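S.K.: Can you read through this structure? Questions will come right after.
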Amino acid sequence: MKKILSICVAFLFLSCGPSEKCATLENENSKTEQNLDTYKTAWEQFFENRDPSAVNIESFDENVTVVTASGDITGIDAFRDYYNNYLTGFSDAEFSFVDIFAQGDKLVKHWNFKGTHDGEMFGIPATGNKLDISGTTIVLMKDGKVFREQDFFDNHSFLMQLGLLQ
């Protein structure tokens with residue numbers, strides 16, 4: 001038992017090396033945790049409180065970008081307007097984080113979105129249909145703020161559930 005404990009202590013000492021290296025790892029972990037907290041707090045406020053003003057300069061870079069198939073949407077106002085379609089299109093919108101993890105300035109979230117399409121969304125008139133879709137978003141943070149997002153989900157299933165495809 002003493003031998004195993006000695007090996008573990010030696011391993012920790014060697015893997016961490018000089019105290020500056022340990023401090024750097026602690027700073028990286030702290031930065032990652034702050035990024036996760038900033039990100040989750042902003043999106044929870046946006047969806048749970050139905051508060052588009054959660055997309056603001058405190059949590060989002062002024063040049064925040066959402067990457068879409070039809071072209072990038074850049075700037076806080078444009079970014080907010082893009083995602084606000086989910087609030088205006090679904091008065092009972094439910095958004096949840098299935099999982100979220102990060103390393104440094106890179107985050108990945110697995111999410112679920114549910115609601116009744118009872119308002120206009122991205123120019124699509126209300127269908128009254130229920131939607132339950134999951135997807136993944138790749139996020140890049142910059143200086144502790146959301147800088148870029150790209151969503152991935154099954155668009156065919158999305159359109160089928162809304163009754164827009166047969």
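S.K.: How much length is gained if the chain between Lys106 and Asn129 is pulled fully straight, taking 0.36 nm per residue apart and subtracting their Cα-Cα distance, in nm to one decimal?
M.R.: Going from the current span to full extension adds 4.8 nm.
S.K.: On to the next question. Can you tell me the relative contact order of region 22-104? Whole percent, Cα pairs under 8 Å, sequence separation 6 or more.
M.R.: 31 percent
S.K.: What are the equivalent ellipsoid semi-axes of region 63-166, built from the alpha-carbon gyration tensor (square roots of five times its eigenvalues), in whole angstrom, biggest first?
M.R.: Working from the Cα gyration tensor, I get semi-axes of 25, 16, 12 Å.
S.K.: Hey, what D do you get for region 114-164 in µm²/s if you plug the Kirkwood alpha-carbon radius into Stokes-Einstein at 37 °C and 0.692 mPa s? Walk me through the numbers before you get to the answer.
M.R.: Working: Rh = 12.6 Å.
Result for D is 260 µm²/s.
S.K.: Separate question: Using the Cα centre of region 28-166 as the reference point, and only Cβ charges (+1 on K/R, -1 on D/E), how large is the resulting charge dipole? Debye, rounded to the nearest 20.
M.R.: I would put it at about 220 debye.
S.K.: Run through every distinct alpha carbon pair of region 39-120 and return the Kirkwood hydrodynamic radius in angstroms, one decimal place. Could the numbers behind the result be given before it?
M.R.: On the way: mean 1/r = 0.0737 Å⁻¹.
It works out to 13.6 Å.
S.K.: Report relative contact order for region 31-166 in percent, whole number only (criteria: Cα-Cα under 8 Å, sequence separation at least 6). Can you show the working numbers first?
M.R.: Numbers: 265 pairs, mean separation 31.4, N = 136.
About 23 percent, as a whole number.
S.K.: May I ask which of Lys31/Lys106; Lys40/Lys130; Lys106/Lys142; Lys40/Lys106 have a Cα-Cα span longer than 20 Å here?
M.R.: Numbers: Lys31/Lys106 11 Å; Lys40/Lys130 25 Å; Lys106/Lys142 9 Å; Lys40/Lys106 14 Å.
Going by Cα-Cα distance, Lys40/Lys130 fall outside the 20 Å limit.
S.K.: Round to the nearest 0.05 the FRET efficiency obtained for Thr136 and Glu28 when R0 = 22 Å and r is the Cβ-Cβ distance.
M.R.: Working from the Cβ atoms, E equals 0.40.
S.K.: Report the full-extension gain for the segment Ala69 to Asp92: residue separation times 0.36 nm, less the Cα-Cα distance, to one decimal in nm.
M.R.: Separation in residues times 0.36 nm, less the Cα-Cα distance, equals 5.6 nm.
S.K.: Apply the Karplus curve 6.51 cos²θ - 1.76 cosθ + 1.60, θ = phi - 60°, to the phi angles in region 116-130 and return the couplings in whole Hz, x for Gly and Pro.
M.R.: Karplus-based 3J(HN,Hα) across region 116-130 equals 9, 6, 10, x, 5, 9, 6, x, 8, x, 4, 9, x, 7, 7 Hz.
Here, each number is a calculation from the coordinates, and none is a lab measurement. These figures come from a predicted structure and were not determined experimentally. Because the Cβ atoms are built from the backbone with ideal geometry, glycine has one as well, and the counts that use them run over all protein chains shown.
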